[in-house]
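The values are calculated or read from the model by the stated rules, or taken from the named source; none is laboratory data. Just so it is clear, the model here is predicted, and its values are computed rather than measured. FYI the Cβ positions are ideal-geometry reconstructions off the backbone, even for glycines, and counts take in every protein chain you see. Heads up: the accessible areas ignore ligands, DNA and RNA and are worked out on the full protein's heavy atoms, side chains in. Shrake-Rupley method; radii C 1.70, N 1.55, O 1.52, S 1.80 Å.
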Amino acid sequence: MIKMENKLLKQVRSIPLHVCILVILIFFNHCFAVDGRVGIGFKGGVSKLEGDWKKPVLNPAGAFLFSYSPTPYFSLGGEICYSLLKTSQDGLRINPLFTNSDKFQTMAVPMEVNFQFNFAPYSKINPFGMIGGGALYWDSKYAGNTITLDGKKQRMYGTVVKTGGGLEFRLANTISF
């Protein structure tokens, strides 16, 4: 019972951190419109790999974005991200010689293409849906060298499928949240 209460307390304590991260992602996302149909942007934020690693930590992440919108109802976009994922402990789990966790890191580079559908692009509140996919390149290193386990280098590509949706609130003709 005490373990469950402690876990719940930790989750409740992490809510302000998650809200701060969301605010940072919203305000550090900046796009430049070349014309009404083409957009280029940069995004900054933080990333954390949950579930696979023990004691993951928040790490800076950045992305380059582009989009093309032939009509206000539909857009085609892409994103290339970069992040160095780190942990405070997991190097030891992979190899007992990896004693310095600061030297253990994984570079993650997701590359995605997505399609966004705007259901009411001319109204003050625009619901939208998105679907996309792409690839994820990752490379795990210790002290600058790619880690080898059972004769296999720990770097490869994987596939990514992405879905999403939300509401866009139009504050002015050229400003939305």
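In the stretch 133-143, what residues are among the aliphatic types (A, V, I, L, M) and surrounded by 15 or more Cβ atoms within 10 Å (Cβ to Cβ)?
Listed by number, the list holds a single entry, L136.
How many of the residues making up the stretch 45-62 are at pLDDT below 75 and assigned to a strand (DSSP E or B)?
1
Checking L149 against (1) out of contact with any strand residue (DSSP E or B) (no Cβ under 7 Å at 6 or more places or on another chain); (2) without any contact (Cβ under 8 Å) to a residue 12 or more places away in the chain, which test does it fail?
(2)
Give me the residue from the stretch 121-132 that is open to solvent by 30 Å² or more (accessible area, probe 1.4 Å) and over 20 Å from the mean Cα position of the chain (by Cα) and, out of that set, nearest to K103 (Cα to Cα).
Among residues in the stretch 121-132 that are open to solvent by 30 Å² or more (accessible area, probe 1.4 Å) and over 20 Å from the mean Cα position of the chain (by Cα), the one nearest to K103 (Cα to Cα) is P127.
Going residue by residue through the stretch 113-128, is there one that turns out to be of a type in the set (D, E, K, R), under 30 Å from N145 (Cβ atoms) and at pLDDT 65 or above?
No, the stretch 113-128 contains no residue that is of a type in the set (D, E, K, R), under 30 Å from N145 (Cβ atoms) and at pLDDT 65 or above.
Among the residues of the stretch 144-170, what is the count of those that are more than 17 Å from the chain's Cα centre (by Cα) and either exposed (fewer than 10 other Cβ atoms within 10 Å of the Cβ) or assigned to a strand (DSSP E or B) (or both)?
Qualifying residue count, the stretch 144-170: 15.
Looking only at residues in the stretch 114-143 that are in a strand (DSSP E or B) and among the charged types (D, E, K, R), which one is farthest from F169 (Cα to Cα)?
The selected residue is K141.
Could you list, in sequence order, all residues of the stretch 86-97 that are crowded, with 17+ Cβ neighbours inside 10 Å and either modelled with pLDDT of 80 or more or over 17 Å from the mean Cα position of the chain (by Cα) (or both)?
D90, G91
Just checking, which of F66, F32, F42 is open to solvent by 50 Å² or more (accessible area, probe 1.4 Å), at pLDDT 90 or above and not in a loop (DSSP other than H, G, I, E, B)?
After ruling out the rest, the residue left standing is F66.
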